[in-house]
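Report on one structure; see the data block that follows.
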Amino acid sequence: MAEEILSNDEVIVADSQIISEEPVGPLFSDLGLSEPVLAAVAAAGYEAPSPIQAQAIPVLLQGKNLLGTAQTGTGKTAAFSLPLLSRLDFSGPTPAVLILTPTRELSIQVAEAIQSYAVNMPKIHIVPVYGGQDIGVQLKALKRNVSIVVATPGRLLDHIRRGSVSLARVQAIVLDEADEMLDMGFAEEVEGILKEIPETAQRALFSATMPDAVKSIVDNYLGEYEEVRIQGKTATVENIMQRFVMVRPEHKIEALCRILEGESFDGLLIFVRTKQQTAELAERLEARGFNAAPLSGDLAQALRERTINRLKTGKLDIVVATDVAARGIDVDRITHVVNYDVPYDTESYVHRVGRTGRAGRTGNAILFITPRERRLLKMIEKATRQPIAPMDMPTGEQISEKRVAAFRKKVLDKVNEGGLDQFRELIQSLAEESEVPMVDLAAALTALAQEGQPLFPEMEDLPAPAERGKGFKAEKSFGLGASDEPRKPRKEGENGVEEGFLRYYLGVGRKDHVSPRDIVGAIAGESGISSANIGRIKLFDKFSTVELPQDVPEAMLMILERMSIRGNPSRFRLMTDEPPTGGNFGGGEKKAHRGGRKVREREGGFDGPRGERRDFVRGGEDRPFRRSDRSEGRPFRRDREERRSGNRPFREDRPFGERGDKPFHKTRRFGRH
Ligand code: AMP
């Protein structure tokens, strides 16, 4: 391995074969933690300490003060809580430990994490105390002997002033995310609290950055301390295309499934943090039909070797591993590394992604980052000296293409394999008896064969409807595809209809007790057009209008014509093109579409109370139609014939997969992709 030493903490690894020997760090059992704490860590499935833990735990176990430069995602919570739980005496006055955090979310999260590390220490009580919660609840909680208080500064100071908490016997204080805390304007409160802490108390301060305000707290209140930090080692990552996906933890599985369907990969390695996660995630992937297996220290050596061998020989494609278990994996066919959980530091990132891009090939590294871990992304970019691009999530169309290709292959393989005599006979007799053409029977069988994996999925179907929580919202900033973005107001075209949309008439209105929700429900339910693709709806007494994408297939329009809304026939049809002409504004009526019924409501508008023309397309409901509103001699909405022959992307007249240009399903998609 060629190394060029740049400075104490900068090492450029100029060789693309970076990875083969990895430093094996200490084990939790090497660090001097207490038995109950070690048992809790094992139960949590942590295989090895993260770098910040390996450095901070021994210092804090010795009772020393500590300055830690570390951000969320590095394992800093365990770095300070494991040694404090191991070392301190919790049988005396309370609280014994105070942890200050900038936000309510963090105080709850940290309290929960400590609770899990103290699971074998039943006498220890932990309480989060934060602004916004009913103070009465907190007063009650603080009256019971609370061993560890995890608080936001403002609310804690409030309690100190009320006398509901005393810091006189605190044995240790931790300032978590100090830079954020001071950024949020808590400097005074923090100082006020620190003044209450006994001289003898052990102090630790964690901060991702070191602005002057933090330095001043360090200088004035940390006393003598040792410093630990994630080494800013830089290492080039060659031959690897790096991308990231910003995703909330609860949406990771869904994002992963989409990637697995959308990316072309050979072997793929997924990194998670704990042993339990390897098993859980592999199981969930298997349940979705992916060929995946776990790899962790929980498995016997023989089984681990077997798994790696299966990956090598192509019998297995996806391995879900912890850092420790993946050490030394050297498999050329790994085309992708997915960092499902962010690595603790840049060194570990470089080790992980170096599992791909081997033997001179190009590799792919995909990094999942939760919004809270944003800083780690920056750190990794800095350390690898390469920007990591936001990943465009595979679209429904791309996934559909893959599913169709796989399906076609499967069908042709089956034909080549033979042994279909009985089935052929069955289908032959079915075709003869029913007089249904063979191609229709084949189409029906194809539809049946989809089995939860639709060949032409709507975004809602992808990839695990059951897991779509409150929206795989895919905020753009989270690097997820635009196709999932919440609907934005669209641009209005010249006729007042949204660009790319057409306006349709529905013969039901307020008098029929119909609401916009009923209309969306009926259209989405009957035609499968997703609600996000349904444009503006206007409700009138006797009718309503709805805007739909202009490339909705004819077949779907026919379905909509036949649907009913709240028990009433929809009388769905396109609003006609002609603006009214002449004094009586009668030109917009289309008897044919209304069964000859004479109605006052006309396409494009309706008659106002004094007989004046009101147009809801251009002028809105509250101004009379003006001649200038007309699109003189130029139809502003195309009629069906025109739509049929125009350059619409939908072509019903083309058979499935023919012409080899676009698979048929492409022609059936519409809307946001
Ligand atoms: P933190 O940086 O403290 O917010 O921790 C980030 C995440 O890493 C949390 O979900 C922890 O449960 C997890 N974690 C912390 N230390 C370890 C470890 N040694 N092994 C595996 N996971 C860990």
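The values are calculated or read from the model by the stated rules, or taken from the named source; none is laboratory data. Only a predicted model underlies this, so the values are computations on that prediction, with no experimental measurement involved. FYI the Cβ positions are ideal-geometry reconstructions off the backbone, even for glycines, and counts take in every protein chain you see.
Assorted remarks:
- Any chance VAL146 is among the aliphatic types (A, V, I, L, M), more than 23 Å from ARG375 (Cα to Cα), crowded, with 24+ Cβ neighbours inside 10 Å and more than 13 Å from the ligand (Cβ to nearest atom): no
- Within region 385-423, the set of residues being part of a loop (DSSP other than H, G, I, E, B) and among the polar types (S, T, N, Q) comprises GLN386, THR395.
- Every test in (1) in a helix (DSSP H, G or I); (2) touching a residue at least 12 places away in the same chain (Cβ under 8 Å); (3) within 15 Å of the ligand (Cβ to nearest atom); (4) among the hydrophobic types (A, V, I, L, M, F, W, C) is passed by LEU38 save one, and that test is (2).
- ILE114 fulfils the conditions (1) in contact with a Ser or Thr (Cβ under 8 Å, 6 or more places away or on another chain); (2) in a strand (DSSP E or B) except for a single criterion, (2).
- Residue check, ALA141 of a type outside the set (Val, Ile, Thr) and modelled with pLDDT of 95 or more: no
- Subset of region 41-81 (residues that are within 6 Å of the ligand (Cβ to nearest atom) and among the basic types (Lys, Arg)): LYS76
- For region 519-536, the tally of residues that are closer than 15 Å to LEU574 by Cα and crowded, with 18+ Cβ neighbours inside 10 Å stands at 3.
Each row is one residue, and each column tells you yes or no for (1) out of contact with any Cys (no Cβ under 8 Å at 6 or more places or on another chain); (2) in contact (Cβ under 8 Å) with a residue 60 or more places away in the chain; (3) basic (Lys, Arg); (4) not in a helix (DSSP H, G or I).
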position	(1), (2), (3), (4)
VAL146	yes, no, no, yes
VAL149	yes, no, no, yes
LEU157	yes, no, no, no
ILE173	yes, yes, no, yes
MET181	yes, yes, no, no
GLU188	yes, no, no, no
GLY192	yes, no, no, no
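- Of residues in region 349-378 being in a loop (DSSP other than H, G, I, E, B) and at negative phi, the one nearest to the ligand (Cβ to nearest atom): THR370
- Verdict on THR307 being under 26 Å from the mean Cα position of the chain (by Cα), of a type in the set (S, T, N, Q) and either buried (at least 19 other Cβ atoms within 10 Å of the Cβ) or farther than 23 Å from PHE244 by Cα (or both): no
- Filtered residues of region 123-137 (kept if in a helix (DSSP H, G or I) and among the aliphatic types (A, V, I, L, M)): ILE135, VAL137
- Residue in region 221-237 that is in contact with a Phe, Trp or Tyr (Cβ under 9 Å, 6 or more places away or on another chain) and free of Cβ contacts under 8 Å to residues at least 40 places away in the same chain present: no
- For region 169-191, the candidate set comprises residues that are modelled with pLDDT of 95 or more and among the small types (Gly, Ala, Ser); within that set, the residue that is surrounded by the fewest Cβ atoms within 10 Å (Cβ to Cβ) is ALA172.
- Candidate set: region 47-78, residues that are assigned to a helix (DSSP H, G or I), more than 28 Å from the chain's Cα centre (by Cα) and of a type in the set (A, V, I, L, M); chosen: the one nearest to ALA204 (Cα to Cα): LEU60
- For region 79-106, taking the residues that are under 36 Å from the mean Cα position of the chain (by Cα) and part of a loop (DSSP other than H, G, I, E, B), the one that is surrounded by the most Cβ atoms within 10 Å (Cβ to Cβ) is identified as THR101.
- Odd one out for LYS488, checked against (1) farther than 24 Å from CYS257 by Cβ; (2) at pLDDT 75 or above: (2)
- Residues located in region 104-144, provided they are under 25 Å from LEU38 (Cβ atoms) and polar (S, T, N, Q): GLN109, GLN115, SER116, ASN120
- Among the residues of region 316-328, the ones that are at pLDDT below 95 and surrounded by fewer than 20 Cβ atoms within 10 Å (Cβ to Cβ) come to 3 in all.
- Residue in region 252-272 that is modelled with the lowest pLDDT, counting only those that are within 16 Å of the ligand (Cβ to nearest atom) and not aliphatic (A, V, I, L, M): LYS252
- Filter result (surrounded by 14 or more Cβ atoms within 10 Å (Cβ to Cβ) and under 20 Å from the mean Cα position of the chain (by Cα)) within region 379-399: ILE388, PRO390, MET391, ASP392, MET393, PRO394, THR395, GLY396, GLU397, GLN398, ILE399
- The combined condition, being assigned to a helix (DSSP H, G or I) and of a type outside the set (Ser, Thr, Tyr), is fulfilled by ALA213.
- Highlighted here are the helices (runs of 4 or more DSSP H) found entirely within region 273-346 that include at least 3 residues which are within 16 Å of the ligand (Cβ to nearest atom): 275-287, 323-326.
- If the condition is being touching a strand residue (DSSP E or B) at 6+ places or on another chain (Cβ under 6 Å) and at pLDDT 85 or above, then region 517-534 contributes only ILE519.
- Put simply, of PRO387, PRO371, PRO394 the only residue that is in contact with an Asp or Glu (Cβ under 8 Å, 6 or more places away or on another chain) and more than 28 Å from GLN453 (Cβ to Cβ) is PRO387.
- Cβ-Cβ contacts under 7 Å between residues 6 or more apart (or on different chains), taken from a first residue in region 416-433 that is under 15 Å from ALA444 (Cβ atoms) to a second residue that is assigned to a helix (DSSP H, G or I), are listed as ILE427/LEU441; LEU430/LEU441; ALA431/MET438; ALA431/LEU441.
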